[in-house]
Amino acid sequence: MTLPNGLTPDAARAQAARAYELDRKHVFHSWSAQAALTPMTITAAQGSYVWDGDGNRLLDFSSQMVNTNIGHQHPKVVAAIQEQAATLCTVAPPHVNAARSEAARLISERTPGDLDRIFFTNGGADAVEHAVRMARLHTGRHKVLARYRSYHGGTDTAVNLTGDPRRWPNDLGTSGVVHFFGPFLYRSQFHASTEAEESQRALEHLEQTIAFEGPGTIAAIILESVPGTAGIMVPPPGYLAGVRELCDRHGIVFIADEVMAGFGRTGQWFAIQNFDVVPDLITFAKGVNSGYVPLGGVAISPRIAATFDDRAYPGGLTYSGHPLATAAAVATITAMSQERIVENAAEMGERVIGPGLRELAERHPSIGEVRGLGVFWALELVRDRATREPLAPYGGTSPAMTETVAAAKAAGLLMFVNFNRLHVVPPCTISEAEAKEGLAILDQALAVADGHLG
Ligand SMILES: Cc1ncc(COP(=O)(O)O)c(C=O)c1O
């Protein structure tokens, strides 16, 4: 028997052992203290599964970094990359290229409202950098408002916009970013007890923040349409429409960061389409081509694009709209449309994953809250449902969390973890049988979390 990559298990194990040895010697990893790392090796992947260095098959409920929306090794995307590589590997950004033009058309056709101009970047963080730069130049203002409990990327502006502890060592207080609280009823900053109250009070808080910061100084408000890494807090009804209204009232650019939530994850092409709101700029990456080749970008409204009709946009990248990446986007978006993959994400969320997780919450006292939509779900794990004390502290981890995640992995399930949360974020292509297989493993693993309760 061979793995999906054609290797025998023995050959794959030998290759993995060598890769691991070289990794520990020469590779410097993101966001980590290097000495303590024991990273997992992945040798092969197919659909919703990956294979580790010991030849074990794991169901990928993480979609890696929540990016393999179309699943692993989709044959049409692999073929498109191969074809593009054989035809034309690279062109400089000033030249027209068929793959880039077609990708821009396909994305523009799916964005909400009139956003129809695409600036391509290499990933999500640089998309955020450019969206903020466009907003600042368009408005002639500098300040940007962003929420606590958010992630916008690892580059300088993006990490300063970020509302999680990864910002702290990178924040010199000079970035022009002001943070505010967004709606999150389970841990409400506003003493709210209903979604309607949370929405109204969060909007009042934002309105006050704008008033006290000086509306004429604020270039943009950036929000993840549904915050991802920070906890998949689906905004309550009326919130994003209220933000839109505040932006309109004060001439502020509304940037929707859809790097994680976009391209099918919430059961819509863009998450903001769940709320019937049109932002001025959308940042995207990840799901646009499932990360098969690095790609991100900014979708731009005609009003903001017009700012740069007669004035040069002061920004660019050698690989803007790289042919291999945009050919992968064309194939990904086309396959997602033809195979009704966005519809599958919506259906799996509504019919299988949402009800399945709520059923787990009835039996596992460690689950404080279940929230999400599409294939974008979080389990908020707590020590005590009454006090809502998290199972790991904000910004940290705990034996309870690491043992729970290890139990899931030992039983064949790869999870996305952040602090006290488990995120259920499988590919948008996940089948009902696979979703149920993952939920059954999760059921076993949660017994470990329950065991840590007082
Ligand atoms: C909402 C959001 N914005 C931006 C980024 C940064 O994207 P990248 O890692 O491609 O730079 C991420 C990455 O997880 C994200 O989730």
*Name the single residue, out of those in the range 122-139 being buried (at least 24 other Cβ atoms within 10 Å of the Cβ) and more than 15 Å from the ligand (Cβ to nearest atom), that is nearest to Ala327 (Cα to Cα).*
Met134
*Assess whether His205 counts as being away from the ligand (no atom under 13 Å from the Cβ), assigned to a strand (DSSP E or B) and surrounded by fewer than 24 Cβ atoms within 10 Å (Cβ to Cβ).*
no
*Does Leu203 count as in contact (Cβ under 8 Å) with a residue 24 or more places away in the chain and within 18 Å of Gly228 (Cβ to Cβ)?*
no
*Exactly one condition in (1) within 26 Å of Thr68 (Cα to Cα); (2) surrounded by fewer than 20 Cβ atoms within 10 Å (Cβ to Cβ); (3) touching a strand residue (DSSP E or B) at 6+ places or on another chain (Cβ under 8 Å) is not met by Arg351; state its number.*
(3)
*Of these, Ala378, Ala400, which one is touching a His at 6+ places or on another chain (Cβ under 9 Å) and crowded, with 23+ Cβ neighbours inside 10 Å?*
Ala378
*Mind checking which pairs have a first residue in the range 244-270 that is over 15 Å from Thr68 (Cα atoms) and a second that is within 16 Å of the ligand (Cβ to nearest atom) and among the hydroxyl-bearing types (Ser, Thr, Tyr), Cβ under 6 Å, 6 or more apart or different chains?*
Ala256/Ser225; Asp257/Thr283
*asked:* Would you confirm, using the coordinates I've provided, whether Arg265 is among the basic types (Lys, Arg), within 25 Å of the chain's Cα centre (by Cα) and crowded, with 24+ Cβ neighbours inside 10 Å?
replied: yes
*Determine which single condition Ile333 fails, assuming it passes every other condition in (1) under 15 Å from Thr111 (Cα atoms); (2) more than 18 Å from the chain's Cα centre (by Cα).*
(2)
*Does the range 213-221 include one or more residues that are farther than 27 Å from Gly153 by Cα and part of a helix (DSSP H, G or I)?*
no
*asked:* Suppose the filter is within 14 Å of the ligand (Cβ to nearest atom), part of a loop (DSSP other than H, G, I, E, B) and either over 17 Å from Ala219 (Cα atoms) or not aliphatic (A, V, I, L, M) (or both); does Tyr319 pass it?
replied: yes
_Residues within the range 141-175 that are more than 16 Å from the ligand (Cβ to nearest atom), surrounded by fewer than 17 Cβ atoms within 10 Å (Cβ to Cβ) and either under 29 Å from Gly238 (Cα atoms) or of a type in the set (Asp, Glu) (or both), tallied_ = 2
*For residues that are part of a loop (DSSP other than H, G, I, E, B) and more than 17 Å from Ala407 (Cα to Cα), scanning just the range 428-454, find the one that is nearest to the chain's Cα centre (by Cα).*
Cys428
*Only one of Glu102, Glu83 is touching a helix residue (DSSP H, G or I) at 6+ places or on another chain (Cβ under 9 Å) and closer than 22 Å to Phe119 by Cβ; which?*
Glu102
_Residues of the range 251-281 classified as on the phi < 0 side of the Ramachandran plot and either within 12 Å of the ligand (Cβ to nearest atom) or not hydrophobic (A, V, I, L, M, F, W, C) (or both), total_ = 16
*Hey, among the residues in the range 403-420 that are under 15 Å from the mean Cα position of the chain (by Cα) and touching a residue at least 24 places away in the same chain (Cβ under 8 Å), which one's surrounded by the fewest Cβ atoms within 10 Å (Cβ to Cβ)?*
Asn418
*What is the one condition in (1) within 16 Å of the ligand (Cβ to nearest atom); (2) closer than 30 Å to Val278 by Cβ; (3) out of contact with any Ser or Thr (no Cβ under 6 Å at 6 or more places or on another chain) that Glu109 does not satisfy?*
(1)
_One residue is enough: does the range 357-368 have a residue meeting the conditions in a loop (DSSP other than H, G, I, E, B), of a type in the set (Gly, Ala, Ser) and at positive phi?_
no
*Can you tell me which residue within the range 282-299, out of those that are assigned to a helix (DSSP H, G or I) and more than 10 Å from the ligand (Cβ to nearest atom), is surrounded by the fewest Cβ atoms within 10 Å (Cβ to Cβ)?*
Val288
*Do you know which of the residues in the range 49-94 that are among the small types (Gly, Ala, Ser) and closer than 21 Å to Thr266 by Cβ is surrounded by the most Cβ atoms within 10 Å (Cβ to Cβ)?*
Ser63
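The numbers here are math on the coordinates, done by the rules we state, and not lab data. Because the structure is a prediction, the values reported are computed rather than measured. FYI the Cβ positions are ideal-geometry reconstructions off the backbone, even for glycines, and counts take in every protein chain you see.
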